[in-house]
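Structure, as structure tokens:
The values are calculated or read from the model by the stated rules, or taken from the named source; none is laboratory data. For clarity, every value in this text was computed on a predicted model and none was experimentally measured. Reconstructed Cβ throughout: ideal geometry from the backbone, glycine too, with neighbour counts over all protein chains shown. All accessible areas refer to the heavy atoms of the entire protein, side chains included, with ligands and DNA or RNA removed. Shrake-Rupley method; radii C 1.70, N 1.55, O 1.52, S 1.80 Å.
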Amino acid sequence: EEITFEIARHVAILSEKYRIPFIFKASYRKANRSKIDSFSGIGDLKALRILSDAGKQFSVPVITDIHNPDEAAMAAEFADVLQIPAFLCRQTDLLIAAAKTDKWINIKKGQFLSGESMKFAVDKVRDSGNENIMLTDRGNMYGYQDLIVDFRNIPIMQKNRVPVIMDITHSLQQPNQEQGVSGGRPEMIETIGKAAISVGADGIFIETHPDPSVAKSDGANMLKLDGLEGLLIRLLALRNTINSF
């Protein structure tokens with residue numbers, strides 16, 4: 001709860017200061033872990049309540065992942081937006097269950113899919129009666145231990161008439177490391193962010209933590225929390241420049 005509130009408070013202040021719409025993201029359970037002894041959570045309901053409380057405390061919407069159809073209704077009681085993880089973006093039952101909550105649904109593009117292929121994920125949610133859809137790119141697998149971002153996917157996915165977000169931290173993961181913990185290249189976060197803004201991304205997804213070295217998940221590709229404001233200032237300046245043309 002302490003670290004959740006610290007991060008939410010910090011980003012909420014920046015959101016208000018720079019007038020950037022902000023959705024606070026945290027996973028109530030990390031289901032996709034390389035090793036059986038990797039940290040996965042503190043209990044679903046306990047974690048969901050912390051997430052919900054953070055949203056109420058700082059007056060921001062919250063988003064969290066779901067992993068199977070049975071979780072959709074439960075998570076929807078606490079979160080404003082439900083996220084479909086990249087590895088699960090083709091799971092029809094999961095997409096339909098999420099759609100039926102009438103919440104906004106953020107579908108992360110699979111590392112194994114093209115931007116064009118995400119049309120079918122969008123169709124599954126729309127055909128289930130829900131038009132509240134976002135898509136998020138997080139790179140494509142490049143060999144066994146790296147990801148590469150194809151920025152053509154942003155305008156391609158926007159053809160579905162949905163907002164398209166660029167995940168500028170997960171896209172820098174280096175998965176499948178021998179030690180069972182993903183590596184990353186956080187020094188490239190700003191590069192990916194600037195490129196995404198330049199080609200018209202509707203938003204950015206950022207993992208951030210006061211001390212990524214002790215983060216329970218994905219620390220190797222996180223942005224240090226005290227570096228967030230400077231990054232946002234530079235990305236806003238770039239976006240304003242582009243919008244002025």
**Study point:** Among P186, N160, M222 - extreme Cα towards positive end, dipole of the chain, charges at beta-carbon
**Key:** N160
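So for region 1-159: antiparallel DSSP bridges make up what percent, rounded to the nearest 5?
Values: 3 of 16 bridges.
Looking only at bridges with both residues in region 1-159, the antiparallel portion is about 20 percent.
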Check your understanding: In bins 10 Å wide, starting from 0, what share of all Cα pairs of region 14-131 does each bin hold, as a percent?
Key -> 13, 41, 34, 12, 0
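Could you calculate the contour length gain from N32 to D70, that is, 0.36 nm times the residue separation minus the distance between their Cα atoms, to one decimal place in nm?
On the way: separation 38, 0.36 × 38 = 13.68 nm, distance 1.68 nm.
That works out to 12.0 nm of additional length.
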Practice item. Roll a 1.4 angstrom probe over the protein heavy atoms and tell me the percent of accessible area of the chain that is carbon or sulfur. Key: 51
Exercise for review: For the chain, set up a Gaussian network in which alpha carbons nearer than 10 Å are linked by springs, and say which option among G41, G200, G115 fluctuates the most.
Suggested key: G41
Review point. Cα-based Rg (one decimal) and Dmax (whole number) for region 31-87, in Å?
Key: 12.1, 36
Exercise for review: Please give the direction-averaged projected area of the C-alpha convex hull for region 1-43, in square nanometres with one decimal.
Suggested key: 3.9
Check your understanding: Taking springs between alpha-carbon atoms closer than 10 angstrom, which of V62, V199, V11 fluctuates most in the Gaussian network model of the chain?
Key -> V199
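Relative contact order for the chain: what percent, with Cα pairs under 8 Å and sequence separation of 6 or more?
Here the relative contact order equals 12 percent.
Could you work out how much longer the chain between R126 and E1 gets when fully extended? Use 0.36 nm per residue separation minus the Cα distance between them, nm to one decimal. Walk me through the intermediate numbers first.
On the way: separation 125, 0.36 × 125 = 45.00 nm, distance 3.50 nm.
Difference between extended and current length: 41.5 nm.
Convert 20 °C to kelvin, take the viscosity as 1.002 mPa s, use the Kirkwood radius over C-alpha pairs of region 191-245 as Rh, and evaluate the Stokes-Einstein diffusion coefficient in µm²/s, rounded to a whole number.
Numbers: Rh = 12.2 Å.
For the chosen part, D equals 175 µm²/s.
If you average over every viewing direction, what projected area does the convex hull of the Cα atoms of the chain give, in nm²?
Details: hull surface 50.2 nm².
Average projection, Cα convex hull of the chain: 12.5 nm².
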Review point. Out of F24, F112, F78, any idea which swings most in a Gaussian network model of the chain, alpha carbons joined below 10 Å?
Key: F112
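When ligands, DNA and RNA are left out and all protein chains stay put, how many square angstrom of accessible area per residue does the chain have with a 1.4 Å probe?
Numbers: 12460 Å² over 245 residues.
Ligands and nucleic acids excluded, the result is 51 Å² per residue.
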Exercise for review: Return the whole-Å distance between the Cα centroid of region 39-117 and the Cα centroid of region 206-231.
Suggested key: 21
Revision key, fill the gap. Once the in-chain neighbours fewer than 8 apart are removed, the aspartates and glutamates whose Cα is under 19 Å from K109 read D65, D93, D123, D127, E131, D137, D146, D150, D167, D202, E207, D218
Revision key, fill the gap. Here FRET efficiency (C-beta to C-beta, E187 to S59, R₀ 41 Å, nearest 0.05) is 0.75
Point to revise | Stokes-Einstein D (µm²/s) once Rh is taken as the Kirkwood radius of region 113-159 over alpha-carbon pairs, at 37 °C in 0.692 mPa s | key: 279
